[in-house]
Amino acid sequence: MHCQPEYEGPVYIWLNNNQTCLLCDEPCDNPQPICVECEAELPWLGPQCRICALPLPQAGLTCGECLRRVPAFSQVVAPWSYGFPVDSLITRFKHGAKWPFGRLLGELLSQSLHHRFNDGLPRPELLLPVPLASRRLRERGFNQAALLAQWLGQGLGIAVDEGMLLRMQDTPAQQGLDAPARRRNLRRAFSLADKARVGGRHLALVDDVLTTGATAETLARLLLDAGAHRVDVYCLARTPKPGEPA
């Protein structure tokens, strides 16, 4: 079922030649409504784990958690660390329905993925947004992951399937839970739609933020067990370890 809100007008006039930066209100010449200075000051993710994109002090390493427990997903792609102002923009998009902020971040993520594909990152066949619990979908009115997947699909020319992954249970919110608690919280929370065509395919999950990776791990394992060849994760931001700066 398609649960996104009906919206007849454009989210943002992206081709407006006189657009202003959404962060500082200064005129900008970028294709997206963000000036060069503000874009440069975003918390771009630097050295990171080769698998889960956890911020690390040196490039080309695998974090201890991925060495101890190899994830079901192959690779996480996230442009930013979850710090200011990206954290504020995501919150305003996700909880305040400020779609232009989400669209801006989605366009920049699309650009980042274009560069990664050109550098050899395998290109998936299909984008799968992480499904939202029905109660939170009713409260929020939209699934932010589904909107991001739509924008990415448009920018990358990759098909999106919003119905393949199903949320079967309204589990408690993941915020504030550690990784083992998140994994327990997600048991039996998801399933595949009937007649979902997964076998041998390269799929990519789409979400807004990766924290412990428990949701991505659960969904990737579900897809691999159903015969998927590879599952990647595309998100806007990756959180650092608790107590470490973003």
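Key figures
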| quantity | calculated |
| --- | --- |
| Qualifying residue in the stretch 106-118 (condition: hydroxyl-bearing (Ser, Thr, Tyr), in contact with a helix residue (DSSP H, G or I) (Cβ under 6 Å, 6 or more places away or on another chain) and modelled with pLDDT of 95 or more) | yes |
| Some residue of the stretch 71-86 being at pLDDT 95 or above, surrounded by fewer than 20 Cβ atoms within 10 Å (Cβ to Cβ), more than 16 Å from the chain's Cα centre (by Cα) and within 26 Å of Leu203 (Cα to Cα) | yes |
| Flag for Pro27 being of a type outside the set (Gly, Ala, Ser), under 20 Å from Ala237 (Cβ atoms), over 19 Å from the mean Cα position of the chain (by Cα) and surrounded by fewer than 16 Cβ atoms within 10 Å (Cβ to Cβ) | no |
| Test for Phe93: is it of a type in the set (Phe, Trp, Tyr) and in contact with a Pro (Cβ under 6 Å, 6 or more places away or on another chain) | no |
| Qualifying residues in the stretch 138-151 (those that are on the phi < 0 side of the Ramachandran plot and over 17 Å from the mean Cα position of the chain (by Cα)) - the one surrounded by the most Cβ atoms within 10 Å (Cβ to Cβ) | Arg140 |
| Selected residue (criterion: farthest from the chain's Cα centre (by Cα)) from residues of the stretch 198-246 that are under 21 Å from Leu152 (Cα atoms) and of a type in the set (Lys, Arg) | Arg201 |
| Subset tally (residues that are in a loop (DSSP other than H, G, I, E, B) and crowded, with 16+ Cβ neighbours inside 10 Å) for the stretch 193-217 | 6 |
| Identity of the residue in the stretch 19-32, touching a Pro at 6+ places or on another chain (Cβ under 7 Å) and not hydroxyl-bearing (Ser, Thr, Tyr), that ends up farthest from Gly155 (Cα to Cα) | Leu23 |
| Any chance Ala173 is modelled with pLDDT under 95, in contact with a strand residue (DSSP E or B) (Cβ under 8 Å, 6 or more places away or on another chain), surrounded by fewer than 21 Cβ atoms within 10 Å (Cβ to Cβ) and not acidic (Asp, Glu) | no |
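The values are calculated or read from the model by the stated rules, or taken from the named source; none is laboratory data. Bear in mind the structure is a predicted one, so any value in this text is a computation, not a measurement. Quick reminder, even Gly has a Cβ in these numbers, built from the backbone with ideal geometry, and neighbours come from all protein chains shown.
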